[in-house]
Amino acid sequence: MTMHGTTILAVRKGGHVALAGDGQVSIGDTILKAKATKVRTLKGGRVLAGFAGSVADALTLYERFEEKLDRYPNNLPRAAVELAKDWRSDRVLRRLEALLIAADTEHCYLLSGSGELIEPDDGVVAAGSGGGFATAAARALLPDPTLSARDIVERSMEIAADICVFTNRHITVLEL
């Protein structure tokens, strides 16, 4: 599932994780808003999450995901698996058009309604129309020992914004 209209990127490096999202909201080829926030902290700042896709659908996913995190405290992998199972099998959730990235200092996941639950080998994961550009930039910058997870996320999102018309430079970055 490819989402058009946003870029979300997570990078884990050196015991830290940074998650960023651009602020552009568009329908078709029309930009409706430039300063939206698509990333947030969950569970008292222990988990970061961001979405690409429909806002209403993403809010539903955040709510369901927080329920899973409550049920499986301090266990992001289990909460992510349980959300992915529900998302794929539940009639209402299955219709949601969004992708969710969830991360803590030990794990990063991409979740989708088609049952995808992917944890990248290198700690870099992205979603949205600029996700491929952001991923490529982050992977190129990852080996640089002078760059933190936050530095990589910021630079990669700027690169994605230079290439993808559905990504802007109003970037929100969260980190753990």
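Bear in mind that the values in this text are calculations on the coordinates, not laboratory data. For clarity, every value in this text was computed on a predicted model and none was experimentally measured. Cβ placement follows ideal geometry from the backbone for every residue including glycine, while neighbour counts extend to all protein chains displayed.
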field: Projected-area mean, the stretch 80-157, by convex hull of Cα positions, square nanometres
entry: 5.5 nm²
query: Among Ser112, Ala126, Leu147, whose Cα lies farthest out toward the positive end of the dipole of the chain, if unit charges sit on the beta carbon of Lys, Arg (+1) and Asp, Glu (-1)?
result: Ser112
statement: In whole angstrom, largest first, the equivalent ellipsoid semi-axes that the Cα gyration tensor gives for the stretch 1-85 are 25, 16, 11
message: Taking a ≥ b ≥ c as the square roots of the Cα gyration tensor eigenvalues, with a/c under 1.5 meaning rounded and otherwise prolate when a/b beats b/c, else oblate, which class fits the chain?
response: oblate
message: Using helices alone, I'd like the mean residue ellipticity at 222 nm for the chain: each DSSP H run of four-plus residues gives -39500 (n - 2.57), total over residue count, nearest 500.
response: -11000 deg cm²/dmol
- prompt: What percent does the relative contact order of the chain come to when contacts are Cα pairs within less than 8 Å and at least six residues apart?
  reply: 34 percent
task: Show me 135-143, 100-108, 22-30 ranked by packing, highest mean number of other Cβ atoms within 10 Å first.
output: 100-108, 135-143, 22-30
message: Test of understanding: what is the full-extension gain from Ile27 to Glu119, defined as 0.36 nm times their sequence separation minus their Cα-Cα distance?
response: 30.2 nm
field: Spatially close lysines, pair count over the stretch 1-120: Cα under 30 Å, gap of eight or more or interchain
entry: 13
task: Kindly state, as a whole number, the per residue volume in cubic angstrom of the convex hull around the alpha carbon atoms of the stretch 115-176.
output: 102 Å³
